[in-house]
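Mind having a look at this structure? Questions to follow.
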Amino acid sequence: QVQLVDSGGGSVQSGGSLRLSCAASLWIYHRTYLMGWFRQAPGKEREAVADIAGDGSTRYADSVKGRFTISKDSARRTLYLQMNSLKPEDTAMYYCAADYRPQYISGSPRSWGQGTQVTVSS
């Protein structure tokens with residue numbers, strides 16, 4: 001399995017920005033291989049935030065559209081999540097994840113980062 005290490009979380013005020021990074025142990029070049037971000041707040045279910053496929057196509061949760069941008073750098077084997085206009089409701093542990101499309105969209109990708117905490121204060 002691909003090993004993932006995510007980082008970049010922190011505490012910001014509402015309206016602020018953060019950029020999360022996810023370093024991968026290897027890079028899979030396939031149009032159906034998805035990499036992305038999930039988040040989980042205390043007492044809530046885990047939710048998919050954004051993902052990007054091997055062909056560069058992206059998907060976002062409605063709650064983050066227009067504020068978050070997912071990108072990747074294959075040379076650095078790194079996935080990014082640029083988060084702007086952060087809101088208190090974005091507070092959660094964020095996890096990067098990766099797998100081929102069927103497994104990924106099932107909500108149970110086989111590769112996960114350890115998580116990075118994002119806290120947004122009002």
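The values are calculated or read from the model by the stated rules, or taken from the named source; none is laboratory data. Since the model is a prediction, treat every value here as computed from it, not as a measurement. Glycine also receives a Cβ, built like all others from the backbone with ideal geometry; neighbour counts cover every protein chain displayed. SASA here: full protein model, heavy atoms, side chains in, ligands and nucleic acids out. Shrake-Rupley method; radii C 1.70, N 1.55, O 1.52, S 1.80 Å.
Find all pairs meeting these conditions: Cβ atoms under 6 angstrom apart; at least six residues apart or on different chains; first residue within segment 57-81 and of a type in the set (S, T, N, Q); second residue outside any strand (DSSP E or B) and open to solvent by less than 50 Å² (accessible area, probe 1.4 Å).
From residues that are of a type in the set (S, T, N, Q), the pairs are Ser74/Trp27.
Would you confirm whether any residue within segment 77-90 is of a type outside the set (A, V, I, L, M), open to solvent by less than 10 Å² (accessible area, probe 1.4 Å) and over 20 Å from Val5 (Cβ atoms)?
So in segment 77-90, the residues of a type outside the set (A, V, I, L, M) come out as 77-78, 80, 82, 84-85, 87-90.
Add one more test, that the residue is open to solvent by less than 10 Å² (accessible area, probe 1.4 Å), and what stays is 90.
Of the ones still in play, those that are also over 20 Å from Val5 (Cβ atoms) are 90.
Yes, segment 77-90 contains at least one residue that is of a type outside the set (A, V, I, L, M), open to solvent by less than 10 Å² (accessible area, probe 1.4 Å) and over 20 Å from Val5 (Cβ atoms).
Name every residue in segment 1-57 that is more than 12 Å from the chain's Cα centre (by Cα), within 17 Å of Ser74 (Cβ to Cβ) and hydroxyl-bearing (Ser, Thr, Tyr), in order of residue number.
Hits for segment 1-57 are Ser25, Tyr29, Thr32, Tyr33, Ser57.
Additional query: Can you name the residue in segment 91-104 that is open to solvent by 30 Å² or more (accessible area, probe 1.4 Å) and within 14 Å of the chain's Cα centre (by Cα) and is also nearest to Gly16 (Cα to Cα) among such residues? Don't jump to the end; show me each part of the working.
We begin by selecting, within segment 91-104, every residue open to solvent by 30 Å² or more (accessible area, probe 1.4 Å); these are 91, 93, 95, 100-103.
Keeping just the survivors that are within 14 Å of the chain's Cα centre (by Cα) gives 91, 93, 95.
Values: Thr91: 12, Met93: 17, Tyr95: 20 Å.
Checking each candidate, the answer is Thr91.
Where the second residue is surrounded by 15 or more Cβ atoms within 10 Å (Cβ to Cβ) and not in a strand (DSSP E or B) and the first is among the polar types (S, T, N, Q) and modelled with pLDDT under 95 and lies in segment 94-122, which pairs have Cβ atoms under 7 Å and are six or more apart or on separate chains?
As it stands, the answer is Gln103/Pro109, since those pairs meet every condition given.
Output the residues belonging to segment 27-75 that are of a type in the set (Phe, Trp, Tyr) and closer than 30 Å to Pro88 by Cβ. Give the derivation first.
Of the residues in segment 27-75, the ones of a type in the set (Phe, Trp, Tyr) are 27, 29, 33, 37-38, 60, 68.
Those that are of a type in the set (Phe, Trp, Tyr) and closer than 30 Å to Pro88 by Cβ: Trp37, Phe38, Tyr60, Phe68.
In segment 17-31, how many residues are within 18 Å of Val49 (Cα to Cα) and not aliphatic (A, V, I, L, M)?
Counting residues in segment 17-31 that are within 18 Å of Val49 (Cα to Cα) and not aliphatic (A, V, I, L, M) gives 4.
Please tell me if Lys44 is charged (D, E, K, R), over 20 Å from Ser106 (Cα atoms) and open to solvent by 30 Å² or more (accessible area, probe 1.4 Å). Can you show your working first?
Numbers: charged (D, E, K, R): yes; over 20 Å from Ser106 (Cα atoms): no; open to solvent by 30 Å² or more (accessible area, probe 1.4 Å): yes.
No: the conditions fail for Lys44.
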